[in-house]
1. Net charge within 12 Å of residue 291 by Cβ-Cβ distance, Lys/Arg positive one each and Asp/Glu negative one each, not counting residue 291 itself?
2. In segment 257-302, what trypsin sites (Lys or Arg not before Pro) fall in a loop by DSSP, with at most 15 other Cβ atoms inside 10 Å?
3. Sort 182, 145, 61 so the one with the fewest other Cβ atoms within 10 Å of its own Cβ comes first.
4. Please list, or write none, the lysines whose alpha carbon is within less than 30 Å of the alpha carbon of residue 289, excluding same-chain residues fewer than 8 places away.
5. Taking the beta-carbon count within 10 Å as an exposure proxy, list 79, 240, 100 from fewest neighbours to most.
6. Between [x] 5, 15, 17, 14, 8, 7, 8, 8, 8, 6, 3, 1, 0; [y] 6, 25, 28, 21, 14, 6, 1; [z] 6, 26, 33, 25, 9, 1, which matches P(r) over Cα pairs in 10 Å bins from 0, in percent calculated for the structure shown?
7. How large is the helix-only mean residue ellipticity at 222 nm for the chain, computed as the sum of -39500 (n - 2.57) over DSSP H runs with n ≥ 4, divided by its residue count, in deg cm²/dmol to the nearest 500?
8. Based on the alpha-carbon gyration tensor of segment 1-73 and its eigenvalue square roots a ≥ b ≥ c, which shape applies: rounded if a/c is under 1.5, prolate if not and a/b is larger than b/c, or oblate?
Amino acid sequence: MHFKYTHINLYKYFYDLVKQVPDGYITTYGELARALGDIRAARAVGYMLSINSDPDTIPCYKVVHTDRRVGKYALGVDEKEKRLRRDGIIISNGMIENFEGRLFSEFRTDYPLTRLQKEQKDIAALASFEDVPVADNYAAIDVSYEGRDGYGAIAIYDSGNYTVKTFYQRVDFPYIPGYLGYRETPFIEELSDGFDSTLIIDANGLLHPRKCGLATFAGIIMGKPTIGVAKSLLLGKPDENGYIIYNNEKLGYMINKHCIVSPGNMIGMESSIRKIKLLGKDKYPDILKKVHDETVNFRKRRLPS
């Protein structure tokens, strides 16, 4: 079963929010994250502000810290304070003195991240963790980034040989924990087109707050068998047998602290564990290392020297 998911340019949506802050007012990273629909987006808010290429049209100087600190600015702190003072904001020793009276939070928004959370739950409900017959070949996918530029690669293993394909794309969705599917699935769709066996993805699958990590998200979107393998444990705790428990459910397995397995779609937990143990000999699988190196080399080749 395939699922048509939401494609959103979150950068544009976010910059349009920043434009809503009236002259004479300031807002905070947290207020903007809440306007996007998830306070966990606060770090992404800071990142998107830092790469704002049009500071005269998109007034990111109006964004300050919740504790009243003026904070950083791409054109320098002195320029930020100059622009804020021009708007009537009182600053003393790097702190906003009239913070409460000038704080803007009445954004016109439909809280896109809240909507995407609901969509993730709908997608996760379609996941199957029953093994399906597949060929012996398999593939791994990874994506590396330089700013908003994404460099993806797939390494397909078949009968002792590797085939590598790469794909470049400018991304419309920043990194926000819990929403990786919206950032990287376009790469996976493009790279895995025509490949119908097991995909191993450098991310989580079932092991996710909404049971919709990238491996599950992409697996359902494409209707393909997927396994998630993450390099670190971001959610839950391992039990005495190595299974990762979250909300009293078994959602993944720790082969070691740098190799966390969780089924994505169309494959069971035990089959996922066996497959990754076999490929990595109880370590992080070589094919994932190989495909990561391919993305890094691809990025280096495309970047200006």
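Derivation of every value follows stated rules applied to the coordinates shown; laboratory data play no part. What you see is a predicted model; the values in this text were computed from it and never measured. Every residue, glycine among them, receives a Cβ derived from its backbone with ideal geometry; neighbour counts consider all protein chains shown.
1. Details: positive: 165, 289, 290; negative: 142, 202, 286, 293, 294.
Net of charged neighbours comes to -2.
2. Working: sites: 257, 274, 275, 277, 281, 283, 289, 290, 299, 300, 301, 302; in loops: 257, 281, 283.
Sites meeting the loop and neighbour criteria: 257, 281, 283.
3. Working: 182 25, 145 16, 61 28.
By the 10 Å Cβ count, ascending, the order reads 145, 182, 61.
4. Within the straight-line cut-off, residue 289 pairs with 165, 211, 224, 231, 237, 250, 257, 275, 277, 281, 300.
5. Numbers: 79 13, 240 5, 100 8.
Ranked by crowding around the Cβ, least crowded first: 240, 100, 79.
6. [y]
7. Details: 10 runs with 104 residues, N = 305.
Using -39500 (n - 2.57) per qualifying helix, the result is -10000 deg cm²/dmol.
8. On the way: a/c = 2.31, a/b = 1.76, b/c = 1.32.
Prolate.
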